[in-house]
Amino acid sequence: MNKTGGRIFNWLGVGSLAMFFSINVCCSAQTETVAKCESGKDYDLSLPGKVKLDLIWIEPGTFVMGTPKDESGRNNDETQHQVTLSKGYWLGKYEVIQSQWKAVMGSDPSHWQGEDLPVEQVSWYEAMKFCEKLTMIERAAGRLPEGYVYTLPTEAQWEYACRAGTTGAYNVDGATLNELGWHGDESQDKTHAVGQKKPNAWGLYDMHGNVWEWCLDWYGDYPKDPVTDPVGKTPGSGRVDRGGSWGHYAGLCRSGDRNDAGPGMKAGHVGFRLALAPAQSVE
């Protein structure tokens, strides 16, 4: 199922870790931290150099994951099944951008350079290292909710947030893909600054196109029966990435389209979106 294919560039390495982080509440007193504040609110994570990383609160809930058999572009690995996410989580309003990556990791591996462009040329392992470093700092400072870590979203968390209550191919009913994401010929064969297209109903941008987004899980067949808090098949053939990219056409940018790639793969159209979510054990 690996559809990421295409041009792969050399990674530039990881530099020193900036050692100060703080997190403020967007919709309440600015002195509160995530650990002390109620769930149900969005947050601005403040990185060194006054670089912000916006997090959107995603309520727990139940949805139908996968796609109907008559959806255009559907693949046979998209079996519909009911998924319940029992705990809420925060998800990046945008894909992680290069200024945010540099604030944490100290360097920028991206082929297309730009502070507001999504970071790319990062493997699954490197995306997880970003999450682990951020978790380490925030936990030491007492700014994490109990049992939560900075991580990649699971495939189920990603699709639930992408859909935002919709059931069609794309996450805004009645909108065209051109209105929602950079893809195919319209992308001019490159990444674009995040947040220029329409958001979905939950305020998330660029869930379709721009760059594929790594997820936590191994790729594997979907179950047919209802499941709660799934973390994918262990082990699987590759790590999941979702959403399509600037280099792909409409069918690969659908809410339910699935892809997998080796966790060491780096490419100019693969990045990630940060989650602050309940800790999950995925080997």
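Quick notes
- Taking region 197-206 as the range and being within 16 Å of Gly184 (Cβ to Cβ) and free of Cβ contacts under 8 Å to residues at least 60 places away in the same chain as the test, only Lys197 passes.
- Residue check, Ile97 among the β-branched types (Val, Ile, Thr) and modelled with pLDDT under 95: no
- Among the strands (runs of 3 or more DSSP E) confined to region 233-275, the ones with at least 1 residues that are within 19 Å of Lys197 (Cβ to Cβ) are located at 239-242, 270-272.
- Residue match in region 199-208 (condition: touching a His at 6+ places or on another chain (Cβ under 8 Å) and assigned to a loop (DSSP other than H, G, I, E, B)): yes
- Yes/no for Leu177 being touching a residue at least 24 places away in the same chain (Cβ under 8 Å) and either under 18 Å from the mean Cα position of the chain (by Cα) or surrounded by fewer than 16 Cβ atoms within 10 Å (Cβ to Cβ) (or both): no
- Selection count where residues are among the aromatic types (Phe, Trp, Tyr) and surrounded by 24 or more Cβ atoms within 10 Å (Cβ to Cβ), scope region 207-258: 3
- Hey, Gly142 free of Cβ contacts under 8 Å to residues at least 12 places away in the same chain and assigned to a loop (DSSP other than H, G, I, E, B) or not: no
The values are calculated or read from the model by the stated rules, or taken from the named source; none is laboratory data. Please read these numbers as outputs of a predicted model, since none were measured by experiment. Please note: Cβ atoms are built from the backbone with ideal geometry, for glycine as well, and neighbour counts cover all protein chains shown.
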